[in-house]
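*Asks:* Pasting a structure below so you can have a look.
Just so it is clear, none of the values below were taken in a lab; they were calculated from the coordinates. Just so it is clear, the model here is predicted, and its values are computed rather than measured. Here the Cβ positions follow ideal geometry from the backbone for every residue, glycine too, while neighbour counts run over all protein chains shown.
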Amino acid sequence: MDFDMLNCCLIPDECDVERVNPEVYFMSYFIPWDCEHNLQIARRYGFRSLFNEWEREGYFDYYQQIDSVAYMIHHWMKYPKFGFNRPVDIAGRDCREGRITLDEVKQITRNQWRIDERALYDFCGFCGYTIPEFWDIVESHWNYNIRDDHYFKNYEHEKFRNVKSNLKELEKIK
């Protein structure tokens, strides 16, 4: 491949950015983003969700972020750092858009602290971490000032901390 063909992938230098002063446009500036509506369109073209295939721990939707198992850990990491994660984001949006009530949001998000075991093993396998190494990293970034007593009462990650992360366990989820 010719280097010039990669030009669109290169980050411009600061002088060029200042000279051009580019503007960013998002599709949602013109068409309101609606996950439910987009799901219905995608289904018409053959899209299948994870419904009845994999009940993702700590999640409540089965059609968003389904192309990477390990990516769920990225969303979950908001929990130890900020005290909430993806279910709050999605349920909050659904409530604002009138699809669910605030009481339903509270019900949906009550288990948001849970980490999905399959995602945990997939993430650790991809990154080369053992389960205890993963928890050491998580705990080093945990914001104890906003801790959720529900999590600490259940302390779910203790069951994972004691699991030996070996190839057989990682293979089970693949």
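*Asks:* How many nm separate the modelled label positions at residue 101 and residue 78, each set 7 Å beyond the Cα in the direction of the Cβ?
*Replies:* 2.5 nm
*Asks:* Could you tell me the calculated FRET efficiency between residue 137 and residue 89, based on Cβ-Cβ distance and R0 = 22 angstrom, to the nearest 0.05?
*Replies:* Computed FRET efficiency for residue 137 and residue 89: 0.45.
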